[in-house]
Amino acid sequence: MSSLTRLSLRMGSSAGSSSSSRIAANRLSNISRHLSTSSVASDQATQGSASSKMPSPHDELVLFESHHNARLYKLNRPAKLNSLNQEMIDLLSQKIKIWRELESCKVIIGTGDQRAFCAGGDVKQLVLDLKDGKDTALPFFKSEFELNWTLGRLGKPYVAVIDGVTMGGGAGLSLPADIRIATPRTIFAMPETKIGYAPDVGSNYYLAQLDGAIGAWLAVTGQELYGRSVYELGIATHYVTPNLLPTIINEITQLDTPTSAQISSIISSYTASVGSGESSKTNPDGLSPIKGEIREFLDNTFSLKSIAEINEALIKSQNDSSLSGEVKEWAKVQLDLLNARSPTSTAVALTGYRKAKESRRLDRVLLNDISMATSFCGPNRSTEDFIKGVTSVLIDRSKQSPEWIPSNLKDKKLNLSEIIKNFYPTKSSDNTPELKLIPESASKLDSGRDSTWNKFRKFGLPSEQSIKSSVDGYSPQSGAFALTEKELISQFIEDSINGTRRDEIIERIKNVVSKNCKVDKGGYLEWK
């Protein structure tokens with residue numbers, strides 16, 4: 001069944017449907033073109049048109065369209081996998097601020113192309129500029145982080161279609177979205193430690209809301225996730241096949257007063273079926289391998305206090321008779337990754353992640369990020385690893401690891417106190433740019449968790465924390481009612497959710513309960 005036919009059936013076949021079908025067909029055609037070509041539309045908010053477009057040169061780096069109450073942006077730098085430069089940041093920032101205040105804008109949708117949503121920031125150019133004595137890096141990071149904040153405080157539904165490569169700066173654009181759609185083409189990573197840097201763009205705020213130590217693992221190793229794994233581990237909220245994206249976006253644009261719950265329900269009805277085997281680059285539809293013994297080993301290892309301890313645990317695993325061959329093989333891959341990364345970067349990444357988990361505030365995380373960025377690429381930087389890493393990996397394309405300094409994971413310079421002093425000082429240096437966060441934070445800095453903490457996973461598969469909260473909230477110790485597994489499941493299943501998505505939620509809850517709960521004689525649950 002074609003996308004348009006399926007859409008028409010969902011809209012119904014009442015009298016006068018011929019005209020409605022033509023309108024739907026035109027809108028679907030426009031959206032399909034938006035996803036696959038370099039056409040552009042300008043937001044004509046003051047004219048109040050339902051759908052407005054204005055041709056633009058093919059070299060326009062960000063394309064904008066207006067469809068009814070929806071506003072769409074498309075990153076349009078395909079030769080660079082939509083890597084962000086200063087011009088793209090400026091274009092997005094200006095438009096997003098307008099859309100945030102625009103009453104007729106009810107939902108914002110961000111897209112890239114078939115190869116990439118966004119491969120990150122154009123750090124290659126930043127380092128070339130640094131070598132030429134040009135200070136473009138810190139102004140770039142300042143404006144990028146300010147955009148990351150605004151996207152996290154839109155006050156209206158935001159949908160990010162992370163179809164294709166989504167890394168670094170691409171995570172900064174997409175993770176603030178309450179709805180994040182992955183496909184089999186999605187490749188997600190925070191690969192900064194590979195180039196002598198560490199995760200920024202506020203990403204640690206979101207990584208810290210993943211289950212167990214998964215966020216720490218992703219931040220430290222830069223490991224790539226493929227397809228369904230991006231969805232199952234909580235980076236994405238939904239998983240669909242790419243051919244359905246125009247139909248999904250078209251349905252969203254037809255909503256008069258869209259809510260994130262409505263949008264989630266629409267996308268959930270298109271959830272892709274589970275493939276066979278484990279998710280990988282060549283088999284993205286498979287189930288995530290991060291489960292069972294591997295997940296337990298991951299949590300035990302990447303929750304350790306220091307990079308040196310993590311490295312030691314990975315080394316010892318190879319001769320641990322209590323571990324399965326599968327776990328040892330996985331651990332060896334992580335060990336090889338860690339050994340190829342900048343030791344300084346991995347220590348900074350782990351510290352940044354921990355500080356985010358402690359603060360539970362996006363504003364604090366972004367302030368930490370600009371402090372860290374200044375230490376990596378400012379005029380009085382604490383390390384040359386960023387310049388070395390980008391030069392080796394992205395400029396020279398060397399297959400050898402750079403000569404990181406320090407090179408030993410046990411070096412005293414990697415101690416927590418040293419990392420905090422050099423990368424996260426209590427008082428920012430004079431070279432650290434001042435972030436102008438618009439809108440202002442609704443609560444005082446460092447006054448406790450912010451308003452969006454624990455909402456990152458709201459429209460995706462249930463997080464372990466959300467399941468635990470439901471179990472604990474109705475436990476006998478709380479003075480209320482305990483829950484059976486069936487009652488617990490009913491709290492997470494809406495009547496409108498059917499098919500694959502419903503089955504996934506039920507299986508997810510059962511797996512978490514089996515791992516983490518005790519069941520009494522009456523069938524009531526208690527978190528271990």
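The values are calculated or read from the model by the stated rules, or taken from the named source; none is laboratory data. Keep in mind it's a predicted model, so treat the numbers as computed, not measured. Every residue, glycine as well, gets a Cβ built from its backbone with ideal geometry; the counts of neighbours run over all protein chains shown. To get the accessible areas, we keep the full protein, side chains included, count just its heavy atoms, and leave off ligands, DNA and RNA. Shrake-Rupley method; radii C 1.70, N 1.55, O 1.52, S 1.80 Å.
Only one of 219, 261 is part of a helix (DSSP H, G or I), more than 19 Å from residue 114 (Cα to Cα), open to solvent by 20 Å² or more (accessible area, probe 1.4 Å) and in contact with a Phe, Trp or Tyr (Cβ under 9 Å, 6 or more places away or on another chain); which? Walk me through it before giving the result.
Working: 219 fails: open to solvent by 20 Å² or more (accessible area, probe 1.4 Å).
Going through 219, 261 in turn, just one is part of a helix (DSSP H, G or I), more than 19 Å from residue 114 (Cα to Cα), open to solvent by 20 Å² or more (accessible area, probe 1.4 Å) and in contact with a Phe, Trp or Tyr (Cβ under 9 Å, 6 or more places away or on another chain): 261.
Return a yes/no flag: does segment 68-90 have any residue that is within 21 Å of residue 171 (Cβ to Cβ), at pLDDT 95 or above and of a type in the set (Phe, Trp, Tyr).
yes
For every residue, the table says whether it meets (1) open to solvent by 50 Å² or more (accessible area, probe 1.4 Å); (2) of a type in the set (A, V, I, L, M); (3) over 30 Å from residue 502 (Cβ atoms).
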{"site": "284", "(1), (2), (3)": "no, no, no"}
{"site": "313", "(1), (2), (3)": "no, yes, yes"}
{"site": "317", "(1), (2), (3)": "no, no, yes"}
{"site": "323", "(1), (2), (3)": "no, yes, yes"}
{"site": "331", "(1), (2), (3)": "no, yes, yes"}
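If a residue has to be open to solvent by 40 Å² or more (accessible area, probe 1.4 Å), among the polar types (S, T, N, Q) and more than 20 Å from residue 177 (Cβ to Cβ) to count, how many in segment 414-459 make the cut?
9
Given the conditions (1) closer than 28 Å to residue 263 by Cβ; (2) open to solvent by 10 Å² or more (accessible area, probe 1.4 Å); (3) basic (Lys, Arg), which single one is not true for residue 180?
(2)
Considering only residues that are surrounded by fewer than 16 Cβ atoms within 10 Å (Cβ to Cβ) and either modelled with pLDDT under 75 or aliphatic (A, V, I, L, M) (or both), which ones fall in segment 474-492?
Within segment 474-492, 476, 477, 478, 479, 480 meet the criteria.
Look at segment 99-158 and say how many of its residues are in contact with a strand residue (DSSP E or B) (Cβ under 6 Å, 6 or more places away or on another chain), in a helix (DSSP H, G or I) and among the small types (Gly, Ala, Ser).
Of the residues in that region, 0 qualify.
Scan segment 400-450 for residues that are among the aliphatic types (A, V, I, L, M) and out of contact with any Leu (no Cβ under 7 Å at 6 or more places or on another chain) and jot them down.
If the condition is that a residue be among the aliphatic types (A, V, I, L, M) and out of contact with any Leu (no Cβ under 7 Å at 6 or more places or on another chain), then 405, 409, 414, 416, 419, 420, 437, 438, 442, 445 are the ones that fit.
Which pairs have Cβ atoms under 8 Å, sit 6 or more apart or on different chains, and link a residue in segment 499-523 that is farther than 23 Å from residue 267 by Cβ and at pLDDT 95 or above to one that is basic (Lys, Arg) and open to solvent by less than 90 Å² (accessible area, probe 1.4 Å)?
Listed by first residue and then by second, the contacts come to 516/468.
Mind checking whether some residue in segment 173-191 is assigned to a helix (DSSP H, G or I), under 21 Å from residue 435 (Cα atoms) and under 10 Å from the mean Cα position of the chain (by Cα)?
The answer is yes, given that some residue of segment 173-191 is assigned to a helix (DSSP H, G or I), under 21 Å from residue 435 (Cα atoms) and under 10 Å from the mean Cα position of the chain (by Cα).
Could you identify the single residue in 257, 253 that is among the polar types (S, T, N, Q), touching a strand residue (DSSP E or B) at 6+ places or on another chain (Cβ under 6 Å), touching a residue at least 12 places away in the same chain (Cβ under 8 Å) and under 30 Å from residue 156 (Cα atoms)?
Among 257, 253, only 253 is among the polar types (S, T, N, Q), touching a strand residue (DSSP E or B) at 6+ places or on another chain (Cβ under 6 Å), touching a residue at least 12 places away in the same chain (Cβ under 8 Å) and under 30 Å from residue 156 (Cα atoms).
Picking from 185, 228, which residue would you name as being among the basic types (Lys, Arg) and either within 23 Å of residue 505 (Cβ to Cβ) or touching a Cys at 6+ places or on another chain (Cβ under 9 Å) (or both)?
228
Picking from 369, 396, 411, which residue would you name as being open to solvent by less than 60 Å² (accessible area, probe 1.4 Å), acidic (Asp, Glu), more than 19 Å from residue 200 (Cβ to Cβ) and modelled with pLDDT of 95 or more?
Exactly one residue qualifies, and that residue is 411.
Matching residues to (1) part of a helix (DSSP H, G or I); (2) small (Gly, Ala, Ser):
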position	(1), (2)
322	no, yes
326	yes, no
332	yes, no
338	yes, no
346	yes, no
352	yes, yes
356	yes, yes
365	yes, no
368	yes, no
